[in-house]
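Down below is the structure, laid out as structure tokens.
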Amino acid sequence: MVGERAGRRYDPERRQRIIDAAIRVVGEKGIGGLSHRSAAAEADVPLGSTTYHFKTLDELMVAALRQTNQGFAKVAAGRGGLRDPRGDLAGELAGLLGEWLGGERTGVELEYELYLAALRRPALRCVADEWCQELTEIIAERTDAATACALSALMDGICLQVLLTDTPYDEAYAREMLHRIIVNAPGKQAG
């Protein structure tokens with residue numbers, strides 16, 4: 001039996017199926033509902049497969065958070081105007097938030113739930129920080145580093161308000177608040 005152990009078949013997609021399952025579990029039951037057992041059941045794999053690929057629950061959460069971060073990164077990458085020095089940075093950032101928040105709500109909630117789980121799970125902090133750094137680096141191409149951090153923080157705050165209060169996203173308000181930070185910033189003036 002080359003490439004197989006007794007009773008096992010080669011399954012190169014199993015790790016990915018477990019990550020996808022973990023994301024679905026968190027989406028349905030929240031972070032507290034995620035365990036190796038619940039991910040295995042959702043992925044329809046033996047429990048041993050989850051612990052083989054992810055020794056700890058934190059490792060599984062890190063993989064899930066990295067994958068969910070890719071959703072926002074794809075939306076950001078699709079907005080070429082973020083890097084255009086002649087463009088309206090505040091308008092582009094507000095549009096980015098609108099596009100992201102206007103997408104599948106469950107995905108946005110899931111990403112924030114995993115992101116906020118880093119408060120209690122130090123292993124997730126590096127991934128949460130990667131997400132913040134990627135956005136900040138893109139914005140810093142258009143303004144100074146401190147302003148980029150402030151803009152990123154404001155965007156986080158607006159997203160949390162929309163998610164927690166269940167109010168509709170107000171793109172004009174977001175653009176105005178982002179613009180106020182940009183025009184009062186030193187360095188590159190990107191309005």
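Packing, as the average of other Cβ atoms within 10 Å across residues, places the peptides 13-23, 173-183 in the order 13-23, 173-183, highest first.
A simple charge model with +1 on the Cβ of Lys and Arg, -1 on the Cβ of Asp and Glu and nothing else charged puts the dipole of the chain at about 640 debye relative to its Cα centre. Using θ = phi - 60° in the Karplus curve 6.51 cos²θ - 1.76 cosθ + 1.60, the 3J(HN,Hα) couplings for region 62-77 round to 4, 5, 5, 5, 4, 5, 5, 4, 4, x, 5, 4, 5, 5, 5, 5 Hz; x is entered for Gly and Pro. Placing unit charges on each Cβ (+1 for Lys and Arg, -1 for Asp and Glu) gives the chain a dipole about its Cα centre, and among Gly91, Pro168, Tyr10 the Cα reaching farthest toward its positive end belongs to Tyr10.
If you keep only loop residues by DSSP, which trypsin sites (Lys or Arg not before Pro) in region 21-117 have at most 11 other Cβ atoms within 10 Å of their Cβ? Let's see the in-between values first.
Numbers: sites: Arg24, Lys29, Arg37, Lys55, Arg66, Lys74, Arg79, Arg83, Arg86, Arg105; in loops: Lys55, Arg79, Arg86.
For trypsin sites (Lys or Arg not before Pro) across region 21-117 that sit outside H, G, I, E and B with at most 11 neighbouring Cβ atoms in 10 Å, the list reads Lys55, Arg86.
With every protein chain left in place, what is the accessible area per residue of region 54-118 in square angstrom, probe 1.4 Å? Walk me through the numbers on the way to the answer.
Values: 2730 Å² over 65 residues.
Per residue, region 54-118 has 42 Å² of solvent-accessible surface.
Spin-label model, Ala123/Tyr52: points 7 Å from Cα along the beta carbon direction are separated by 1.9 nm. The tail of the calculated P(r) for the chain, taken as Cα-Cα distances beyond 31 Å, holds 29 percent of the pairs. Each of Thr167 and Leu116 was given a label point 7 Å from its Cα along the Cα-to-Cβ line. The distance between the two points is 1.7 nm. Centre-to-centre, using Cα atoms only, region 68-110 and region 156-177 are separated by 13 Å.
Taking the longest Cα principal axis of the chain as reference, the axis of helix 14-29 is set at about 60 degrees.
Atom-type composition of the exposed protein surface of the chain places 53 percent of the accessible area on carbon and sulfur (1.4 angstrom probe).
The values are calculated or read from the model by the stated rules, or taken from the named source; none is laboratory data. Every value quoted in this text rests on a predicted model; they were computed, and no experiment measured them. Because the Cβ atoms are built from the backbone with ideal geometry, glycine has one as well, and the counts that use them run over all protein chains shown. All accessible areas refer to the heavy atoms of the entire protein, side chains included, with ligands and DNA or RNA removed. Shrake-Rupley method; radii C 1.70, N 1.55, O 1.52, S 1.80 Å.
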